[in-house]
Amino acid sequence: MTDAILSASNLSVGFHGRKRRALLQGLTLTLSPDRLSCLIGRNGVGKSTLIRTLAGLQKPIAGTVSAAGEDLYRIPPEKRARLVSAVLSGGVHVGNLKAVQVVELGRLPYTDWLGRLTDADREIVYDVLKKIGALPLADRRYLHLSDGEKQKILIARALAQQTPILFLDEPTAFLDWPNRMETLLLLKEIAVSEKKAVLFSSHDLELVMRFADVIWVLDDDRAFFSETREGILKSGALKNAFGGKYLEFLTKKKAENQQSRKQQKGSEPDEKRRHASSV
């Protein structure tokens, strides 16, 4: 089993200040490189808050988060920016920057104090844009892009940051089906080929079951489960979290499997005839 690069112990996350309130309590979890992991649950159960806390952007109410063996919240910000990158829901405010300039922001943890990019930095930026299929967007103003195009640019910015840990909050939210598939295929490829720990959140059961190696489930009672794709199906955690939606998913998959078996049976006589004619 691959050693965890990020872990949390007895973690409670939620709101600080006068209305201090924990959304999730007592979580113990690990995130390993070389895998695409998914955090799944209904809207409002605390997925975004948990991701922000694990990414070092929102202090926990209790417990600890460790990255590469160090307390994440004790690591200096400039060092933390080389360990963890995140694409959050809600977008970013970048003024009138071009798309390529937004992606270049991902290189800031590696630049000098004036933020000057080297030729190597620019090459990384354009390689990432090409890899994610966003090179035609490079010279367009970020403000003028569609929601789906903006999402691609933000993912490119996070990839340009070249961190071993990558968090994405609903990265496929504004994408059509082909682009959802393409994005998750890319994230899975990056997790494996670059040995990154990649965690994305979603409420799309079909996408999650297609691509995730490890699934974190938050159910309506905010109970937390972590298992492989096969293990989570056997555990019943998805049924507890999604109820009727999960049953619809199972019904759809059962129908698809039956259709696939019919097609295979239908092709068997043709195979036999072709074999007989060749004898």
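The values are calculated or read from the model by the stated rules, or taken from the named source; none is laboratory data. These numbers come from a predicted model, not from an experiment. Quick reminder, even Gly has a Cβ in these numbers, built from the backbone with ideal geometry, and neighbours come from all protein chains shown.
Structural remarks
- Within the stretch 33-60, the set of residues being in a loop (DSSP other than H, G, I, E, B), surrounded by 15 or more Cβ atoms within 10 Å (Cβ to Cβ) and out of contact with any strand residue (DSSP E or B) (no Cβ under 6 Å at 6 or more places or on another chain) comprises Asp34, Gln58.
- Within the stretch 127-148, the set of residues being buried (at least 17 other Cβ atoms within 10 Å of the Cβ) and either assigned by TED's automatic domain parsing to the domain that holds Pro171 or not aliphatic (A, V, I, L, M) (or both) comprises Tyr142 only.
- Among residues of the stretch 61-110, those that are among the acidic types (Asp, Glu), within 25 Å of Gly46 (Cα to Cα) and not in a strand (DSSP E or B), counted: 0
- Residue in the stretch 7-18 that is in contact with an Asp or Glu (Cβ under 6 Å, 6 or more places away or on another chain), outside any loop (DSSP other than H, G, I, E, B) and buried (at least 18 other Cβ atoms within 10 Å of the Cβ) present: no
- Matching residues in the stretch 129-141 - criterion: being modelled with pLDDT under 95 and either in a loop (DSSP other than H, G, I, E, B) or closer than 18 Å to Val94 by Cβ (or both): Ile132, Gly133, Ala134
- Residue list for the stretch 14-35, restricted to those being touching a residue at least 60 places away in the same chain (Cβ under 8 Å) and charged (D, E, K, R): Asp34, Arg35
- Residue in the stretch 226-238 that is surrounded by fewer than 23 Cβ atoms within 10 Å (Cβ to Cβ), in a strand (DSSP E or B) and either of a type outside the set (D, E, K, R) or in the same structural domain as Val100 (by TED's automatic domain parsing) (or both) present: yes
- Of all residues in the stretch 150-174, those satisfying the criterion of being small (Gly, Ala, Ser) and out of contact with any strand residue (DSSP E or B) (no Cβ under 8 Å at 6 or more places or on another chain) are Ala156, Ala160, Ala173.
- Leu199 surrounded by 15 or more Cβ atoms within 10 Å (Cβ to Cβ), within 14 Å of the chain's Cα centre (by Cα) and either free of Cβ contacts under 8 Å to residues at least 60 places away in the same chain or assigned to a strand (DSSP E or B) (or both): yes
- Residue that is surrounded by the most Cβ atoms within 10 Å (Cβ to Cβ), among those in the stretch 61-88 that are under 23 Å from Arg157 (Cβ atoms) and without any contact (Cβ under 8 Å) to a residue 12 or more places away in the chain: Lys79
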